[in-house]
Amino acid sequence: MRSPVIQGVRIERLVVLGLMALMSTGCYMMKPAAYEPAPTDSSVDYDGNIVDSERKRVDGGNLTDPVRSVIRSGSLGLKAKDLNFVKKQVEAIVDDARGRIDSWSTTDDRFLHMQLRIPEPRLDEAMDRIASLGKVTDRSLRSSDVTDQVIDLEARLANLIALRDRLRSYLDKAVDLKEILEVEKELTRVQTEVEILQRKLELLKAQIELSQLSLTVRR
């Protein structure tokens, strides 16, 4: 008759192998049996807050207004006589808005091109101030709602992190060498996916927070 310890280890191993089989089919939404299932109309965002199906953030039990994630960008064309003066003024405006200059170039003192990053709430104000430095020849604003992308990335990341933590828990209990190697391999794969999604989400949030502004100035 097998001892309870051996039986427990074999059961644990079967659970792990079953979980790994599910992961290989891309089924990340399954919750381990040991955990209470999360509400079906909510998920967890990248910051650890609960978000309901209408994208309402729950902090301390209070619902806030739906959060929309929008990437805004603009372009501005000017005519001005003194390009050096314009460049210095633009640098001051960007610094005041707590933005940054990604790149700039000039051609024969007759053409100036600058790629700017401006905090989204200050984009319109910065464009107005820069536009006053010369005669406006072109001005446009674009926006792209990426709310669904953010929600999807946050949900996938939350599920992968939960799966990673569950695998770590199994690994702490594993005693069979083959089982340990299998779980470690899967844990490495999941951790890699976690890091990839984190980078994607960070890049997307950076684009939301800092709007791109393309400036062209001609004499």
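One table, with the values for the structure above:
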{"item": "Matching entry among 201, 215, 197, 157 (being without any contact (Cβ under 8 Å) to a residue 60 or more places away in the chain and in contact with a helix residue (DSSP H, G or I) (Cβ under 7 Å, 6 or more places away or on another chain))", "result": "197"}
{"item": "Near pairs, Cβ below 6 angstrom, 6+ apart or cross-chain, from segment 77-98 (assigned to a helix (DSSP H, G or I)) to any residue that is charged (D, E, K, R) and at pLDDT 95 or above", "result": "93/129"}
{"item": "Enumeration of residues in segment 60-117 that are among the acidic types (Asp, Glu) and modelled with pLDDT under 95", "result": "65, 82, 108, 109"}
{"item": "Cβ-Cβ under 6 Å pairs, at least 6 apart or on other chains, segment 119-137 side part of a helix (DSSP H, G or I), far side polar (S, T, N, Q)", "result": "120/211; 123/211"}
{"item": "Of residues in segment 206-219 being surrounded by fewer than 16 Cβ atoms within 10 Å (Cβ to Cβ) and among the charged types (D, E, K, R), the one modelled with the highest pLDDT", "result": "209"}
{"item": "Residues satisfying the stated conditions in segment 162-195, i.e. assigned to a helix (DSSP H, G or I) and acidic (Asp, Glu)", "result": "165, 172, 179, 182, 184, 186, 193, 195"}
{"item": "Test result for residue 146, surrounded by 17 or more Cβ atoms within 10 Å (Cβ to Cβ) and in contact with a helix residue (DSSP H, G or I) (Cβ under 6 Å, 6 or more places away or on another chain)", "result": "no"}
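The values are calculated or read from the model by the stated rules, or taken from the named source; none is laboratory data. None of the values given here were measured: they were computed from a predicted structure. We place every Cβ from the backbone using ideal geometry, glycine too, and count neighbours over all the protein chains shown.
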